[in-house]
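Notes follow the structure.
The values are calculated or read from the model by the stated rules, or taken from the named source; none is laboratory data. A quick note: this is a predicted structure, and the numbers were derived from the prediction, not measured. Here the Cβ positions follow ideal geometry from the backbone for every residue, glycine too, while neighbour counts run over all protein chains shown.
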Amino acid sequence: MRKIVFLLLSICCMINTSYAAYPVDSSTNKEIVNATDLKENLEEKHAPHGYLSFASAITSSVLYFTTELYIIAFSFGILAVIFGAIGLKKKPKALAIVGLILGLLEVIIPVFILLALLFIIDQVN
């Protein structure tokens, strides 16, 4: 037991003391970048609408099939359609397309099921 504790302590001490500082060199290029340029570049490269659409569609699917929270699942489906439509105009379109298609399926299919049930109930009465 003492050997294991000693081994762990020695590893921790070696990890803490093995870091070295990077040398400061005056020949490195220093470039001043505006915050607005960074924001525009980030928005172009990483538009979140496709990711939000896909995440909303997956959340809606999980809620439909695992719980009885159909209204919340339906609202996530609507969000997936909205974010997917917005995401089609941005750069990473693949997740936006998948989220839009899944969102449309998750919005249209429950509406048809509800209409069919209402039609069947009306025919029975």
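A few notes on this one:
- Whether a residue is surrounded by fewer than 15 Cβ atoms within 10 Å (Cβ to Cβ) and either over 27 Å from ILE113 (Cα atoms) or touching a strand residue (DSSP E or B) at 6+ places or on another chain (Cβ under 7 Å) (or both) was assessed, and ALA94 passes this test.
- Residue pairs whose Cβ atoms lie under 7 Å apart, sitting 6 or more positions apart in sequence or on different chains, and linking a residue in segment 42-64 that is of a type in the set (Val, Ile, Thr) to a partner that is at pLDDT 90 or above, are THR59/PHE76.
- ILE82 part of a helix (DSSP H, G or I), under 13 Å from SER53 (Cα atoms) and touching a His at 6+ places or on another chain (Cβ under 8 Å): no
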